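First up is the structure itself, then whatever we jot down about it.
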């Protein structure tokens, strides 16, 4: 699967919905999957399945984790309890910030 190679590359981090983390190291000897830092290989089909794994560069994962920490830290602030929701309702746009804060929790 040549499309998988273009998306995944050594050093990328795969995170499953239940929190399992795998770091991609290299292609398998048969060139049909990826060797991971935990010693277990993933075939291309499994590694590229969005229901099983979300792929991140280390920088993307660090940025997303920082955003989650920031949202969690400010989730109790007045702006996320109604201030922005009221402003967005008045402007005709639905407010998604309180929903994001709930998801982070």
Cβ-Cβ under 6 Å pairs, at least 6 apart or on other chains, the stretch 58-77 side outside the structural domain of residue 25 (by TED's automatic domain parsing), far side at pLDDT below 85: 68/104; 71/100; 71/101; 71/104; 72/104; 75/101
Given (1) surrounded by 15 or more Cβ atoms within 10 Å (Cβ to Cβ); (2) assigned to a loop (DSSP other than H, G, I, E, B); (3) modelled with pLDDT of 65 or more, index of the condition residue 95 fails: (3)
Per-region count, the stretch 44-68, residues more than 14 Å from residue 7 (Cα to Cα) and either surrounded by 14 or more Cβ atoms within 10 Å (Cβ to Cβ) or more than 20 Å from the chain's Cα centre (by Cα) (or both): 3
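The values are calculated or read from the model by the stated rules, or taken from the named source; none is laboratory data. What you are looking at is a predicted structure, and each value in this text was computed from that prediction instead of being measured. Don't worry about glycine lacking a Cβ; one is built from the backbone with ideal geometry, like all the others, and counts go over all protein chains shown.
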